[in-house]
1. How about residue 185: which lysines have a C-alpha closer than 24 Å to its C-alpha, ignoring those fewer than 8 places off in the same chain?
2. With only Lys, Arg, Asp and Glu charged, each at its Cβ (+1 for the first two, -1 for the last two), find how big the charge dipole of the chain is about the Cα centre; round to the nearest 20 debye.
3. Using the charge dipole of region 200-388 (Lys, Arg: +1 at Cβ; Asp, Glu: -1 at Cβ; taken about the Cα centre), state which of 384, 360, 237 has its Cα farthest towards the positive end.
4. Counting Lys and Arg as +1 and Asp and Glu as -1, each charge on the Cβ, what is the dipole of region 91-153 about the Cα centre in debye, to the nearest 20?
5. Rounded to the nearest 500, what is the 222 nm mean residue ellipticity of the chain from helices alone, with -39500 (n - 2.57) per DSSP H run of 4+ residues and division by all residues?
6. Mind jotting down the distance between the C-alpha centroids of region 70-149 and region 257-295, whole Å?
7. For region 93-99, in order, what is each residue's ³J(HN,Hα) by Karplus, 6.51 cos²θ - 1.76 cosθ + 1.60 with θ = phi - 60°, in whole Hz (x at glycine and Pro)?
8. Tell me, what HN-Hα J-couplings in whole Hz come from the Karplus equation 6.51 cos²θ - 1.76 cosθ + 1.60 at θ = phi - 60° for each residue of region 57-71, using x for Gly and Pro?
Amino acid sequence: MPARPHAPQLHWPWRQDTNAVLSVEGDVFFPAILEAVAEARQRIDLEIYMCSGGEVFEQWLAALSAAAARGIQVRMLIDDAGSEQLSAADRDRLQQVDGITLRVFNPIRFGHPSQALIRDHRKLVVVDGERAWTGGMGLDDHYSQQLSGDQSWLDAMVQCEGQLAADWQELFEQAWALAGRGPIKGAYRWRLYRQHIRQAVQERPQHAPAARVIGARGGRRNPILHVALQRLDQAQQQIWLCTPYFLPPRLLMRALERAALRGVKVHLMLCGPHSDHPPLRYAGQHLYQRLIDMGVEIYEYDRRFIHLKAIRADQWCSLGSFNFDRWNSSWNLEANAEWDGEPALLADLDRLQQQLEHEAMYVDPRRWELRNLRIQTQQALMYWVGTRGIKLLRRWRGD
């Protein structure tokens, strides 16, 4: 039997320095992060899925160039597929700045379609190993309402400090080293073993409040997902899930149903007509009636595209890059931070949930049941195509 490859670290110990600052809207979190970039003393590390040319990119290029000119080490890791809109000229501009090192995760190669499925979907900024931000951010004009108006994306980033930021630094170093090896070759390195999932799920904080970093590298044994499933099954009062792409893994769907059936208040905040992947919205809508029948309240945010990813079960919450959908669970590098019993962050999430539900469209059970046959057929077809397509791709890759 061949030896197992060295397994990546995908979860860290629970930490007691849990201070978290939640910032909603790019016009809020961009200035906060750029201020930290300007104050950096030693190094700045970015791991970004989506990076595109535009005004936001120019602002960040100027800030990073200024930091590099002060002698700050700047490393930037972008995903080749997620940053396809970043031109070769703009990539060259980054690489030509002394002090900035650019790496591209898993460059897409002609003739290797299955390996191209593996993407780095994380969104992470670490400054001096002391302050870190994670969430749904991209370096793209869509993340600024001032620049893009109604076409902008609603998203959030959460700031961590202390030991939690040091843990984020370690996770970044893993991805940086992996990207340095060039294109991904073979699926074997992406297989995780049962004990890693068991450890992530079983480890609980001895004292609350507490927080930790947790990551994922695709495949069926996803630590972020399995920890969330356990927390949903233990919830007694409330569950809130906010995701832009509602095509949940079967295990997550069943956990939501079980919670609703035992009387837990389950609310979903999902995207409305503004979406960068409309077929995914139709596919997820196929599941609405089943959830509504069990007492789940569903809201669609119809003012702009909501790209925010968050999940809460009673006093526990998880925020980061993970969409809690089948595609993210199957292929991507993901990273979230979890908090247990952090009152300030939970209060912020309460206010955010209330604001979003006030602004969103409530999916009325009576009206939803009366939608016409054409719409029902379209939703069922999109769901069938989406779920069967992912299943076939996983079989193709041997997962």
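Readers should treat all values here as calculations from the given coordinates under stated rules, not as data from a laboratory. Keep in mind that what you see is a predicted model, and the values were worked out from it rather than measured. Heads up, the Cβs are rebuilt from the backbone with ideal geometry, glycines too, and the neighbour counts pull from every protein chain shown.
1. Result set, ordered by chain and number: 123, 391.
2. Values: 48 positive and 47 negative charges, 486 e Å.
Once rounded to the nearest 20, the dipole reads 2340 debye.
3. 384
4. On the way: 8 positive and 8 negative charges, 66 e Å.
Dipole of region 91-153, to the nearest 20 debye: 320 debye.
5. Numbers: 14 runs with 157 residues, N = 399.
So the calculated ellipticity at 222 nm is -12000 deg cm²/dmol.
6. About 31 Å separates the Cα centre of region 257-295 from the one of region 70-149.
7. For region 93-99, the Karplus curve yields 4, 4, 6, 7, 7, 4, x Hz.
8. Result, rounded to whole Hz: 4, 5, 4, 6, 4, 5, 5, 5, 5, 5, 5, 4, 5, 7, x.
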